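Single-structure report; data block below.
Coordinate-derived values only; no laboratory data. A quick note: this is a predicted structure, and the numbers were derived from the prediction, not measured. Backbone-built Cβ (ideal geometry, glycine too); neighbour counts: all protein chains shown.
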Amino acid sequence: MCYKVITTSLESNLFEQWDFLGSIPWMRATLWDFYANIFIIALWMFYKEKSIILKISMAILFVCLGSIATLAYVLVHLFKLKDGEGIAELLVKR
């Protein structure tokens, strides 16, 4: 994902093409889909984390970096799981 984002950014400037891209219905649908997913993931992250600084920082990273930040956040929590812990501990353990 990082490779794709970097190479695409080098080929094309999103801000220069926004008028065209914003006019495409699929682009608007993709943005709605993205932000709906980010909203749900951010709610889960706000539930799990105690530090308000971390909550705000991660929410900003989710919005700015999308799946890259989301993947990093989930992987960090997966690696923190102890032997015998599973999805329930990942999702609800604070």
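Here are the numbers for the structure shown:
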item	result
Helix-only [θ]222 nm of the chain, DSSP H runs n ≥ 4, -39500 (n - 2.57) each, per residue, nearest 500	-24000 deg cm²/dmol
Ranked V5, V76, criterion: other C-beta atoms within 10 Å, fewest first	V76, V5
Which of E11, E89, E49 has the fewest Cβ neighbours within 10 Å, and the rest in rising order	E11, E89, E49
C-alpha long axis of helix 67-80 to longest principal axis of the chain, angle in °	10
D_trans [Stokes-Einstein, Kirkwood Rh over alpha-carbon pairs] for segment 2-92, 4 °C, 1.567 mPa s, µm² s⁻¹	85
Square roots of five times the Cα gyration tensor eigenvalues for segment 40-94, Å	20, 13, 9
Fewest-first sequence of Y47, Y35 by Cβ atoms within 10 Å of each Cβ	Y47, Y35
Crossing angle, helix 25-48 versus the chain [Cα axis fit, 0-90 degrees, rounded to tens]	20
